[in-house]
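Novice: Just dropping this structure here.
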Amino acid sequence: MTSAERLCMVAARSEALLIDFVIVFMLRWGVKALGVDYLYFQPVLDQVSPPLSIEDFRYTASALFWGAMFFSCGMPEVFFAGMWFAYSVLSLSIFGKTIGMRQAGIRLVDLQGNEPSVIRIIVRQALLPISSIAWLGFIPAGFTPYAETFHDLVSRTRVMFAPKEEPSPAQI
């Protein structure tokens with residue numbers, strides 16, 4: 001992989017991560033709007049803010065700036081991290097990519113280029129919060145041959161550009 005290709009991969013991974021983060025944040029916001037999380041976290045939420053306040057965006061900015069999925073509010077954000085984990089493991093296990101990865105044109109494979117096992121996906125996603133701490137786990141992407149991150153190196157997976165899906169004649 002050339003330097004230009006590695007830079008494109010890092011950009012594609014960043015795009016996918018941002019899209020996936022927004023999707024899961026909107027799901028989390030929807031759960032909060034329905035009041036479901038209030039059933040589980042009533043003591044915490046009584047001290048924080050009412051559902052759907054403008055203060056919710058503070059956590060998004062914090063996550064984007066620090067790169068961490070565990071925020072300062074406590075249990076509701078652990079719930080959010082659980083939603084992120086479930087979304088990513090299910091998406092990667094079933095489709096080989098998340099919605100953000102599909103939009104960015106990338107997919108997850110093992111070192112042989114095959115679909116990774118569910119165990120590899122779970123290990124990878126469990127290590128993602130460690131990689132996310134101040135973006136330190138993403139530094140290897142600039143130096144490894146296939147722009148692998150810390151969680152990719154440990155789980156022995158990599159993100160590759162996905163071939164374009166041509167529409168079938170029936171879809172045209």
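Novice: Counting Lys +1, Arg +1, Asp -1, Glu -1, what net charge surrounds D20 among other residues with beta carbon under 11 Å of its beta carbon? Provide the component values of the computation, followed by the final result.
Specialist: On the way: positive: R13, K97, R102; negative: E15.
That works out to +2.
Novice: Give me K32, K97, K164 ranked fewest to most by other Cβ atoms within 10 Å of their Cβ, as a rough exposure proxy.
Specialist: Values: K32 22, K97 19, K164 6.
Sorted ascending by nearby Cβ count, the order is K164, K97, K32.
Novice: Tally Lys/Arg at +1 and Asp/Glu at -1 over every other residue whose Cβ is under 15 Å from the Cβ of L92; what's the total?
Specialist: Values: positive: R13, K97, R102, R107, R120, R124, R156, R158; negative: D20, D110, E115, D152.
Summing Lys and Arg as +1 and Asp and Glu as -1 gives +4.
Readers should treat all values here as calculations from the given coordinates under stated rules, not as data from a laboratory. Keep in mind that what you see is a predicted model, and the values were worked out from it rather than measured. Neighbour counts run over all protein chains shown; Cβ positions are idealised from the backbone, glycine included.
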